[in-house]
Amino acid sequence: MNQEKSSPDEFIGLDEEARVLDALKTSVFGLWQVVNTLTRLRPSRRERYTVAIFGSARVERDHWVYGAVREVSEELTRMGCDIVTGGGPGLMQAANEGAAAAGAERSVGIRIELPFEQDVNPFVGEAYEHGTFFTRLHHFTLSSDAFIAVPGGIGTVLEMMMIWQLLQVRKLGGTPLILIGPMWQGLLDWCRAMMLRPGFELASPSDMEIPRCVTTGAEAVAVLRAHHNDWRQHAQAGAGQG
């Protein structure tokens with residue numbers, strides 16, 4: 001039996017469980033609609049080119065991968081890019097440290113409250129706090145012009161996969177997604193083998209071309225250098241018309 005909806009100006013007693021739940025559901029969906037509407041807004045011209053770097057919180061500072069990520073971040077910063085990470089330790093810290101070493105104007109951490117691994121690292125110049133993974137990941141998509149995934153665990157895979165899907169369904173467009181290291185090639189090989197099986201295709205061959213796998217940081221920087229140059233030319237053209 002359908003429950004009658006309450007009039008907007010009708011009082012609901014807290015002991016009326018069904019009507020209270022209906023009011024809460026209506027309010028939550030209304031809030032989601034507000035969020036969906038607001039996230040359609042975009043700056044007409046972004047002042048700075050921003051690269052998000054996703055990576056493990058568990059890699060120690062003396063590991064060679066830490067130094068490699070720091071070098072990538074340094075080079076991108078010298079190129080004129082801002083760096084944004086999850087703001088935590090490990091390879092997130094390596095990226096923020098590289099930006100700081102290169103004299104970054106802005107090195108950002110978009111972090112989340114967890115009982116472990118997520119203390120903000122000392123090289124973050126500007127930190128944002130989130131209570132949910134959903135809002136945190138959405139913040140990354142709104143803030144970034146390119147994405148790099150370096151070695152990482154489940155959280156890094158989640159971040160990479162979300163960006164991949166947004167590119168696949170064209171909620172993001174013209175945004176590089178670069179994966180550095182052999183772990184990513186293995187994941188893409190699995191995706192091709194399992195999702196493109198003849199007679200049981202679960203994705204399109206073109207979907208598998210969205211992430212770009214490279215083996216070294218230098219290759220990643222080269223890809224982003226070309227994209228950054230295009231972005232800068234468009235930005236300058238837009239500034240000239242403004």
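The values are calculated or read from the model by the stated rules, or taken from the named source; none is laboratory data. Just so we're clear, the structure is a prediction, and the values are computed from it rather than from any experiment. Note that each Cβ is placed from the backbone with ideal geometry, even for glycine, and that neighbours are counted across all protein chains shown. Each accessible area value is taken on the protein alone, full model and side chains, heavy atoms only, with ligands, DNA and RNA left out. Shrake-Rupley method; radii C 1.70, N 1.55, O 1.52, S 1.80 Å.
Of note:
- Residue count, segment 68-87 (criterion: within 12 Å of VAL150 (Cα to Cα) and either open to solvent by 30 Å² or more (accessible area, probe 1.4 Å) or of a type in the set (Lys, Arg) (or both)): 2
- Residue within segment 133-148 that is over 12 Å from the mean Cα position of the chain (by Cα) and either open to solvent by 80 Å² or more (accessible area, probe 1.4 Å) or under 21 Å from GLN93 (Cα atoms) (or both) present: no
- Filter result for GLY90 (at positive phi, in contact (Cβ under 8 Å) with a residue 12 or more places away in the chain, open to solvent by less than 20 Å² (accessible area, probe 1.4 Å) and out of contact with any helix residue (DSSP H, G or I) (no Cβ under 6 Å at 6 or more places or on another chain)): yes
- Candidate set: segment 1-20, residues that are open to solvent by 100 Å² or more (accessible area, probe 1.4 Å) and of a type outside the set (Asp, Glu); chosen: the one modelled with the highest pLDDT: PHE11
- The residue that is nearest to TRP231 (Cα to Cα), among those in segment 93-106 that are open to solvent by less than 10 Å² (accessible area, probe 1.4 Å) and among the small types (Gly, Ala, Ser), is ALA99.
- Only strands (runs of 3 or more DSSP E) whose full extent lies in segment 72-152 are considered here, and the ones with at least 2 residues that are of a type in the set (Asp, Glu) are 126-130.
- Test: residue in segment 208-223 that is on the phi > 0 side of the Ramachandran plot and either surrounded by 13 or more Cβ atoms within 10 Å (Cβ to Cβ) or not in a helix (DSSP H, G or I) (or both): no
- MET160 vs. criteria in a helix (DSSP H, G or I), closer than 26 Å to GLY98 by Cβ and open to solvent by less than 40 Å² (accessible area, probe 1.4 Å): yes
- Residue count for segment 190-214, restricted to those that are acidic (Asp, Glu) and closer than 19 Å to LEU177 by Cβ: 2
- Members of segment 45-62 that are in a loop (DSSP other than H, G, I, E, B) and either under 20 Å from GLY155 (Cα atoms) or open to solvent by less than 10 Å² (accessible area, probe 1.4 Å) (or both): GLY55, SER56, ALA57, ARG58, VAL59, GLU60, ARG61
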